[in-house]
Structure formats: C-alpha cells, structure tokens
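Engineer: One structure coming up, written as structure tokens, with questions to follow.
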Amino acid sequence: MWAEKYRPRLLNDLKNQKEIVEQLKRFVKTKSMPHCLFAGPPGTGKTTAALCLAHELFGERYMDAYMELNASDARGIDVVRTTVKEFARISTISKVPFKLLVLDEADNMTSDAQHALRRTMERYTETCRFILSCNYSGKIIEPIQSRCALFRFSPISKDDISSYLGEIAKNEEITLGPNALEAIVSFSEGDMRRAINALQSASSLGKKIDEKSVYKIIGKVTHEDIKEILALTLKNEFIEARNKLRTVLIEYGISGQEIIKELHSEIFRIELPEKKRVKIAEAIGEVDFRLAQGADEEVQLSSLLAQIASEDMQK
Ligand SMILES: Nc1ncnc2c1ncn2[C@@H]1O[C@H](COP(=O)(O)OP(=O)(O)OP(=O)(O)O)[C@@H](O)[C@H]1O
Ligand SMILES: [Mg+2]
C-alpha cells in the first residue's frame, strides 16, 4: 500500500500541519509532554504525527515504548484498562520517563467508557502519556478535554496534496496528465490517504495516468463523455449515443445515478430552447426516481436517451 509506504517518518516531513509539528518538536526537545487530543478529518496525519513523535522521542526501538489501540475495536474499556496497566507497568530503558499510548477513534467510546478512561489516564499519568485521536473533539467528554492539549488537524491543502502526489508519481515512475492530478486532488477533499489510494488504483490501469483513468477508478464520469452522449442524442444519433452510454456504464463501471446527475447538470450548461430543457429535466427526474427504486440502469438510461431523441421532444 502506497499510503503506508509514503507515510512520513519524521515530524519535519509532515505536510500542511506546521504549527502542530513545531509544538511536537518542542516535546521532543524537552522530553516532556502533556496528554494530547488529536482532532481532525481522516487522512490528515493524526496517526502519522503520533508515530513520528514516538520515533523522534524514543529512537529506533520506539516500538518498546509506543502502543496503538483502537478504542472502538478494543472490546470496551476493560481491554484498554488491562492493556494500559500492563504497558505502563514495565518502565522503559530510554531517557524519556514515559511511554506513549495512542488511542485511535476515541470519539467512538461511550461516555461511560470515557469516564473510566479518564480515571485510567490519571492513574498512570506518571509513566504513560495518552494521545487520543478522533474526528470530532466535541464527542470527547469535558473532563478528558480539559486534561489534554488539543491539536486540530486541518484538511490538507490542494497544493500540498498535489506536490506530495507529484513526488510519489516521480518515485513510482508514473506520468500524470495535468487534469488527472487535478481530478485526484479534488476527489480527495483534503484527505491525503484517499488521494494516495486513488493514485495507486489509477496506476494499476497503466503507468500513464490521464483524466479518464482517474474518473474510472473514482467512479465519476468525465464531462467530455457526458457532453458527447448528450450531443449525439440531440442530433438523433440514438445508436451511437447508446453505444457510448454502454461504454461508460459497463467499461468504466460508472453508476447510472452518477450519469443521471451529470446529465442533469449538463442540460443546464448547454444551449437549448427553454421548453426542451424543461421536458428533458422532467424525463431525467422520472428516470432518477426509477433508478432509486431499483430499476435496471441500462434499460432506464437507454429509454431516457430515446425520449430525448424522440420527435415529441423536438417540438
Ligand atoms: N500531513 C501529512 N503529510 C504527509 N502524508 C500524510 C499526511 N497525513 C496523512 N498522510 C498520508 O496518509 C496516510 C494516512 O494518514 P494517517 O494515518 O496519519 O491519517 P489519520 O489522520 O490518522 O486518519 P484517521 O482519522 O482515518 O485515523 C499516511 O500513511 C500518509 O501516507
Ligand atoms: Mg489514524
């Protein structure tokens, strides 16, 4: 997995989270830190920052002093409690007087479990520092929040994602068309993991990644394809239009709903007599409804194209 392969090892290599990195570096320098709460959307570097911190605090053998637990799969607070007890009991040989325990998805814990966690945190505070990682800090109970330093991870900027993907592509000897990169970046919505995974999937289709291969893997249809289908239909070249539709549906694996959505946007983008636009919009609405009810995608979309191409629509 490239997302793993390209996980930064050092705090300085983390993209986008400058202020957080500066503060964590201070923890390393002073070999002291409070309990922390890392909050922010997925794929923005919370787990990575914790790993980098552990690496820089404890050195190569950081795994002796570092542990990651998932709060939601750790079968309740009891597991956390016993694990922490075991973990904190054995002191480290490093110069750092504490161990580091990362609790992922802490916001999935019930408030009872969080209260129990709070007591555990207090009990072992001498020997163990906690980093709680969550998407929403608001779901963490107040007594825990007040005991932790809060770090807010922001979505990764487009520029940072773009340059990171560029580096990965270079390293993997992939060429990225300009629109391809843009398509992945906009699809990622600030989530670096999502961006890297999309790049990797697209690369499985070939070393040269263009906009089409990206849309193919993210299940989106290109603007060009939609324009072509609509233009053919409006020119009454129904068979051609239908062939193109089949390619998009079957070969690219784009969902019928996605195609409908794009067709709908497209009819408001192109030049059309207002009356015709209204009729087409109506037909699209009807097919959208049928698809939502579970009707066959190809049949419904073909019938939509037939309606748009029909004489009635031309009036
Ligand atoms: N700030 C970043 N700089 C560089 N790469 C990053 C950054 N954030 C995330 N990544 C990439 O995304 C992958 C996932 O990141 P990470 O596990 O840190 O996300 P997370 O914030 O913990 O997400 P989740 O909320 O899903 O646990 C990393 O392996 C790395 O490749
Ligand atoms: Mg994580």
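Engineer: For the range 107-137, give me each residue that is among the hydroxyl-bearing types (Ser, Thr, Tyr) and farther than 16 Å from Asp78 by Cα.
Structural biologist: Kept after step one, since they are among the hydroxyl-bearing types (Ser, Thr, Tyr), are these residues of the range 107-137: 110-111, 120, 124-125, 127, 133, 136-137.
Hits for the range 107-137 are Thr125, Thr127, Ser133, Tyr136, Ser137.
Engineer: Consider only pairs whose beta carbons are under 8 Å apart and that are at least six residues apart or on different chains; among these, list those whose first residue lies in the range 1-27 and is over 14 Å from Cys52 (Cβ atoms) and whose second residue is surrounded by fewer than 16 Cβ atoms within 10 Å (Cβ to Cβ).
Structural biologist: Listed pairs, sorted by first residue: Trp2/Glu172.
Engineer: Hey, another quick one. Considering only the range 56-72, I want to know if a residue exists there that is near ligand 2 (Cβ under 10 Å from one of its atoms) and farther than 26 Å from Thr30 by Cα. Spell out the reasoning first.
Structural biologist: So in the range 56-72, the residues near ligand 2 (Cβ under 10 Å from one of its atoms) come out as 68, 70.
From what is left, the residues that are farther than 26 Å from Thr30 by Cα are 70.
Yes; the residues of the range 56-72 include at least one that is near ligand 2 (Cβ under 10 Å from one of its atoms) and farther than 26 Å from Thr30 by Cα.
Engineer: For Thr82, indicate whether it is at pLDDT below 80 and over 18 Å from Phe38 (Cα atoms). Spell out how you get there, then give the answer.
Structural biologist: Details: at pLDDT below 80: no; over 18 Å from Phe38 (Cα atoms): yes.
So Thr82 does not fit the description; no.
Engineer: Can we say Phe130 is within 16 Å of ligand 1 (Cβ to nearest atom), aromatic (Phe, Trp, Tyr) and in contact with a Pro (Cβ under 8 Å, 6 or more places away or on another chain)? Lay out the reasoning, then the answer.
Structural biologist: On the way: within 16 Å of ligand 1 (Cβ to nearest atom): yes; aromatic (Phe, Trp, Tyr): yes; in contact with a Pro (Cβ under 8 Å, 6 or more places away or on another chain): no.
Answer is no for this residue.
Yes/no per residue for (1) among the aromatic types (Phe, Trp, Tyr); (2) outside the structural domain of Gln17 (by TED's automatic domain parsing); (3) part of a helix (DSSP H, G or I); (4) surrounded by 18 or more Cβ atoms within 10 Å (Cβ to Cβ):
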{"site": "Glu68", "(1), (2), (3), (4)": "no, no, no, no"}
{"site": "Ser72", "(1), (2), (3), (4)": "no, no, no, no"}
{"site": "Thr83", "(1), (2), (3), (4)": "no, no, yes, no"}
{"site": "Lys95", "(1), (2), (3), (4)": "no, no, no, no"}
{"site": "Leu101", "(1), (2), (3), (4)": "no, no, no, yes"}
{"site": "Leu117", "(1), (2), (3), (4)": "no, no, yes, yes"}
{"site": "Glu126", "(1), (2), (3), (4)": "no, no, no, no"}
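Engineer: Name the single residue, out of those in the range 172-201 being free of Cβ contacts under 8 Å to residues at least 24 places away in the same chain and under 20 Å from Arg7 (Cβ atoms), that is surrounded by the most Cβ atoms within 10 Å (Cβ to Cβ).
Structural biologist: Among those residues, the one meeting the criterion is Ala198.
Engineer: Also, quick follow-up: Say we look at the range 85-113 and pick out the residues that are of a type in the set (Asp, Glu) and away from ligand 1 (no atom under 16 Å from the Cβ); which of these is farthest from Phe130 (Cα to Cα)? Please lay out each step first, then the result.
Structural biologist: Within the range 85-113, the first condition is being of a type in the set (Asp, Glu), and the residues that meet it are 86, 104-105, 107, 112.
Imposing the further condition that a residue be away from ligand 1 (no atom under 16 Å from the Cβ) reduces the set to 86, 112.
Numbers: Glu86: 15, Asp112: 18 Å.
Looking at the filtered set, the residue picked out is Asp112.
Engineer: Condition (residue is touching a strand residue (DSSP E or B) at 6+ places or on another chain (Cβ under 7 Å), of a type in the set (A, V, I, L, M), in the same structural domain as Ser94 (by TED's automatic domain parsing) and closer than 21 Å to Cys128 by Cβ) applied to the range 16-34: is it met by at least one residue? Step through it out loud before you land on a result.
Structural biologist: Residues of the range 16-34 touching a strand residue (DSSP E or B) at 6+ places or on another chain (Cβ under 7 Å): 20, 33-34.
Imposing the further condition that a residue be of a type in the set (A, V, I, L, M) reduces the set to 20, 33.
Applying the additional criterion that residues be in the same structural domain as Ser94 (by TED's automatic domain parsing) yields 20, 33.
Filter once more, keeping what is closer than 21 Å to Cys128 by Cβ: 33.
Yes - at least one qualifying residue is present in the range 16-34.
Engineer: May I ask you to verify whether Leu69 is within 16 Å of ligand 1 (Cβ to nearest atom), in contact with a strand residue (DSSP E or B) (Cβ under 7 Å, 6 or more places away or on another chain) and not hydroxyl-bearing (Ser, Thr, Tyr)?
Structural biologist: yes
Engineer: Looking at the range 84-108, which of its residues are of a type in the set (Val, Ile, Thr) and either over 33 Å from the mean Cα position of the chain (by Cα) or within 12 Å of ligand 2 (Cβ to nearest atom) (or both)?
Structural biologist: Taking the range 84-108 as the starting set, the residues that turn out to be of a type in the set (Val, Ile, Thr) are 84, 90, 92-93, 96, 102.
Selection gives Ile90, Thr92, Ile93, Val96, Val102.
Engineer: Next question. Find the residue count for the range 35-46, including only residues that are within 11 Å of ligand 2 (Cβ to nearest atom), under 13 Å from Arg129 (Cβ atoms) and surrounded by fewer than 24 Cβ atoms within 10 Å (Cβ to Cβ). Lay out the reasoning, then the answer.
Structural biologist: At the first step, the residues of the range 35-46 found to be within 11 Å of ligand 2 (Cβ to nearest atom) are 38, 40-46.
Subsequent filtering for residues that are under 13 Å from Arg129 (Cβ atoms) retains 38.
With surrounded by fewer than 24 Cβ atoms within 10 Å (Cβ to Cβ) added as a condition, the list becomes none.
Here the count works out to 0.
The values are calculated or read from the model by the stated rules, or taken from the named source; none is laboratory data. None of the values given here were measured: they were computed from a predicted structure. Using ideal geometry, Cβ is built from the backbone for each residue, glycine included, and neighbour counts are taken over all protein chains shown.
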